[in-house]
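One structure is given here, and the rest of the page talks about it.
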Amino acid sequence: MPIEEADVVAELTGVTKVFGERAVLKNIDVTIHHGEFVALLGASGSGKTTLLRILSSLDIATSGTLQVAQGRSVVFQEPRLLPFRKVGSNVTLGLSRAQRSKVDVLSALDEVGLASHIDAWPKSLSGGEAQRVALARALVRAPDLLLLDEPLAALDALTRLKMHDLVLKLWELHQPGVLFITHDIDEAIALADRVLVLDNGALSVDISLTEARPRDRSTPEFVAVRDTLLDKLGVRKS
């Protein structure tokens, strides 16, 4: 169901998803506002991707209510570029002719530092470059809600750090509500306004962060939030 409140881009109330006899999501209540960056942590199989699929209408909740903005874009762990289309064409993939006529592909690629690659083939791109094209493709749709399903997980550590800066820059420029799924606790704290934890299908943590970005990992808030998340995720500190 579309939402009417301009400030709210997604609102879930009592959302449950059952596969067979297993409840993958259990009575999820969460609200995401316009311009809010929310990170979602959880062990493998905790229901993170199922929640994202429900928000993107790729799956349907078994029960509960879901109100979500019509304008949504998803970036997956894999860039999912079509190899037989050049970069510029991949950015407008799925748009109607009328929509494509309104898109400035060169500007979209310039935002992710790839304007010079508009006529390149996907096979010539590095992993980080391909994921930047995927981000450009998501953002040309001017989404109210941007869903990111571990988009940096396959990148090397240095590229991943550079992508943190890019993701924040794009978020600040476009101001969508963001749900960012990650397994990396430090990444979640560094990027997000709020950090949620899914534990066996239920939300066990909802922490708001107050320090401005970029966040120094040595600050008291960063350390305290990190310790809380490590505890909630069952990870023992060394």
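Largest GNM mean-square fluctuation among 129, 111, 21, using the chain with Cα springs under 10 Å: 21. The loop-placed chymotrypsin sites (Phe, Trp or Tyr not before Pro) in region 20-102, going by DSSP, that have at most 14 neighbouring Cβ atoms within 10 Å of their Cβ come out as 84.
3J(HN,Hα) along region 202-215: 10, 6, 10, 9, 9, 10, 9, 9, 10, 6, 6, 8, x, 9 Hz, from the Karplus curve 6.51 cos²θ - 1.76 cosθ + 1.60 with θ = phi - 60°, whole Hz, x for Gly and Pro.
About the centre of its Cα atoms, region 100-166 shows a dipole size close to 180 debye [charges on the beta carbon of Lys, Arg (+1) and Asp, Glu (-1) only; nearest 20 debye]. Charge dipole (Cα centre; +1 on Lys/Arg Cβ, -1 on Asp/Glu Cβ; no other charges) of region 131-183 amounts to roughly 180 debye. Note on 191, 66: ascending count of other Cβ atoms within 10 Å places them as 66, 191, the fewest first. Taking the longest Cα principal axis of the chain as reference, the axis of helix 220-232 is set at about 70 degrees.
Over region 101-182, what relative contact order in percent results from Cα pairs under 8 Å that are six or more residues apart? The partial results should precede the final answer.
Numbers: 66 pairs, mean separation 26.3, N = 82.
Across region 101-182, relative contact order equals 32 percent.
Averaging the sequence gap over all C-alpha pairs within less than 8 Å and six or more residues apart, then dividing by the number of residues, gives the chain a relative contact order of 26 percent.
What translational diffusion coefficient, to the nearest whole µm²/s, does region 7-99 have by Stokes-Einstein, given a Kirkwood radius computed over alpha-carbon pairs, a temperature of 20 °C and 1.002 mPa s viscosity? Each step should come with its number before you reach the end.
On the way: Rh = 15.3 Å.
For the chosen part, D equals 140 µm²/s.
Taking the C-alpha atoms only, the angle from helix 157-174 to the longest principal axis of the chain is near 80 degrees. Charging the Cβ of each Asp and Glu at -1 and of each Lys and Arg at +1, and nothing else, the dipole of region 46-203 about its Cα centre rounds to 720 debye.
Cβ neighbours within 10 Å, averaged per peptide: list 135-148, 162-175 in order, most packed at the top. Present the calculation step by step, with values, prior to reporting the outcome.
Details: 135-148: 22.5, 162-175: 15.9.
My ranking of the peptides, most packed first, is 135-148, 162-175.
Please compute the length gained on full extension between residue 18 and residue 175, using 0.36 nm multiplied by the number of residues separating them and subtracting their Cα-Cα distance. Kindly include the intermediate steps, with their values, before the conclusion.
Values: separation 157, 0.36 × 157 = 56.52 nm, distance 3.30 nm.
Result: 53.2 nm gained on full extension.
The alpha carbon radius of gyration of the chain, expressed as a multiple of 2.2 N^0.38 Å, is 1.02. Which angle between 0 and 90 degrees, to the nearest 10, do you get for helix 127-139 versus the longest principal axis of the chain when only C-alpha atoms count? That works out to roughly 90 degrees.
Taking each DSSP H run with n ≥ 4 as -39500 (n - 2.57) and averaging over every residue of the chain yields -9000 deg cm²/dmol at 222 nm. Across region 20-101, C-alpha contacts under 8 Å between residues 6 or more apart give a mean separation that, scaled by the residue count, equals a relative contact order of 18 percent. Taking the Cα of residue 56, stepping 7 Å toward and past its beta carbon, and measuring to each backbone N in region 93-129: which are under 16 Å? Counting backbone N atoms under 16 Å from the label point, the list is 93-95.
Bear in mind these aren't lab numbers, they're just calculated from the coordinates by the rules spelled out. These numbers come from a predicted model, not from an experiment. Glycine gets a Cβ as well: all are built from the backbone with ideal geometry, and neighbour counts include every protein chain shown.
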